[in-house]
Each structure stands twice: as structure tokens, then as C-alpha cells.
Amino acid sequence: MKSLPYVYALGGIEARFSNRSMEMEYHQAAKMSKPVDLDRRQTFYNVLSLPKNRYLARKLSWVLTIQGVPIYILLPTGPEDLDGLLEAIRPQWGPLDRQVVVGRRGPIAQPDMCGLEVPMVLIDQIYQFKHGEFMRSIQREAAAGERFRDAADDMSRRMMQIADNTGSTDKHRALNYLSVRCPEIYTKAAEEMQRDFSLTSVEARDSRIRGSRKIVSVVFSFTNKNGTAERYFVRVDTTEQFPFLVTKMAPFYDR
């Protein structure tokens, strides 16, 4: 049996009712839970998070969105996935925070799931990327100051824009992996900014060194005000489900 294509996607997560009956059952549960005076999103999270209401959470349609556009319907494969999905709808996320979904892409969903005809994804891993915590960890490790933080933050904003993809190709999976799992690229961007070089492009390409593995080279181009360009790259192995770094950041030269 052919394995399902891998997905490594970044976005937001919404929970939708698949039918009117489920929606009315939720409202009944909300009344019985006697929530305090909270806004709609916080009430929704609080009600679904109660152990007695987990049956509702299991029956919801969980949708991964990118820039507000529904991309996948997410299917939990274990109870821990439901915990991750519930955490994803907690109303506490910043503009650069992302939900990270690693899984396998299945067929297009039937319209009766929640009215969306988008691919389904079996979840193998789901976790939250919190931009502020990630940036603080990089800054502490580098023992750097405010300018370093600003450069790394700018790099993060650019990488999050690049990560607005479906995460279904090897190149997209490599870029998305680097965005949330590779502090080294942010450290390099900060170092380059301190030398008055700014990031001008990021390109993912098939590596010349492949063999039996699927290797993607990601090239980062930096340019100063005089037009002088410097390029660096890393290699990412995307052969199996979980991408990983093959080589550290190094100067890149075209042959």
C-alpha cells in the first residue's frame, strides 16, 4: 500500500460544527457549564476543555487555516492530538504565533463534514510555535542585545510569510521546518544586520548532493546598501516525515 504524502504545515486552527444538532448540543452544554462573563472565543474554549464535554470536542471538525483560508481538515489519531487541538483554540495567540501540524494528507473531505471540500490530514504531531518564547530563547543563547533581537524578529516575520504555504511539497516542508525549528538562521540574520546586510531573498532548491535521500538546499541572500551580496545555505533532509538539518549554515557559491 502506497504511503500517504507527508505534510508539515503552519497556520491557525478553527473548530467548526458539522451540523446543527452538534451546535445546539454545544449551546446546551455551555448553559449547564455556567461560564463566567467571558467573550465568545474564551467561552468556547472553556466549555470544550471540560472533561465532561470531550465528547463534543471529538465530534467537531478541526480546520487548519492559512491567512484565514481553510486548507485542511485535521483528523486526530490519538487522545493527545485532541489536547493539542483544544490548546490551539485558546484565545491567547499573537500575530506571529503558529500551530504546527505534521501529518499525512488523505483524500478530499465530504461536504457533510463541515461544508468544506479540502484535503484531510491525519495528525501525527501537533504543537504550538510561540514566537516570543522562541525569540527570547535565541537572544539568551547568544547573550545579545536589542539590535540582535530586532534583526532576529525581522527574520522571523519574513520566514512566517514564506511559511504561508500548504506544507505539502519537499521544499515547503523544508522551509516550514526551518521557520520553527532552526534558531541558527535567525542568529545568522542578526549577525548580518549588525554588518549592515539585510535579508533580500530565501530560495529552496533540490540539492546537488542527494543520492537516495531527498535533500533540499535553502539559500539565504543578504545585501548591503552598496549592493554587495552574500549568500549562505543549509541542507534539510525531507526523505521521511520529520525533516531534519543535514548541514549547518555555510557560505553558498554557485558552480
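The values are calculated or read from the model by the stated rules, or taken from the named source; none is laboratory data. Treat the numbers as computed from the prediction; the structure is a model and nothing was measured. So basically every Cβ, Gly included, is an ideal-geometry build from the backbone, and we count neighbours across all protein chains shown.
Taken together, the criteria place residue 41 among residues that are under 27 Å from residue 164 (Cβ atoms) and assigned to a helix (DSSP H, G or I).
Is it the case that some residue within region 49-58 is at pLDDT below 90 and under 30 Å from residue 243 (Cα atoms)? Checked region 49-58: no residue is at pLDDT below 90 and under 30 Å from residue 243 (Cα atoms). When every residue of region 153-161 is checked against the conditions, none turns out to be in a strand (DSSP E or B), buried (at least 16 other Cβ atoms within 10 Å of the Cβ) and not acidic (Asp, Glu).
Scoring residue 52 on the criteria (1) in a strand (DSSP E or B); (2) surrounded by fewer than 18 Cβ atoms within 10 Å (Cβ to Cβ) leaves a single failure, condition (1). The set of residues from region 196-255 being closer than 23 Å to residue 100 by Cα, basic (Lys, Arg) and in a loop (DSSP other than H, G, I, E, B) comprises just one member, 214. Within the option set 210, 205, 231, being touching a residue at least 12 places away in the same chain (Cβ under 8 Å) and exposed (fewer than 15 other Cβ atoms within 10 Å of the Cβ) holds for one residue only, 205. For region 106-138, a residue qualifies if it is part of a strand (DSSP E or B) and among the β-branched types (Val, Ile, Thr), and the qualifying residues are 108, 121, 123, 126. Filtered by the rule that a residue be exposed (fewer than 14 other Cβ atoms within 10 Å of the Cβ) and of a type in the set (A, V, I, L, M), region 1-30 gives 1, 24.
The set of residues in region 78-102 that are loosely packed, with under 15 Cβ neighbours inside 10 Å and polar (S, T, N, Q) contains only 92. Quick one: is residue 221 without any contact (Cβ under 8 Å) to a residue 24 or more places away in the chain, over 30 Å from residue 89 (Cβ atoms) and among the hydroxyl-bearing types (Ser, Thr, Tyr)? Yes, satisfied.
Rundown of residues vs (1) more than 19 Å from residue 154 (Cα to Cα); (2) in contact with a helix residue (DSSP H, G or I) (Cβ under 7 Å, 6 or more places away or on another chain), yes/no style:
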{"position": "192", "(1), (2)": "no, no"}
{"position": "216", "(1), (2)": "yes, yes"}
{"position": "238", "(1), (2)": "yes, yes"}
{"position": "247", "(1), (2)": "yes, no"}
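Whether any residue in region 12-21 is assigned to a helix (DSSP H, G or I), more than 30 Å from residue 238 (Cα to Cα) and either in contact with a strand residue (DSSP E or B) (Cβ under 8 Å, 6 or more places away or on another chain) or not hydrophobic (A, V, I, L, M, F, W, C) (or both) is what I want to check. Yes, that holds for at least one residue. Considering 112, 124, 83, the condition of being at pLDDT 95 or above and at negative phi is satisfied by 124 alone.
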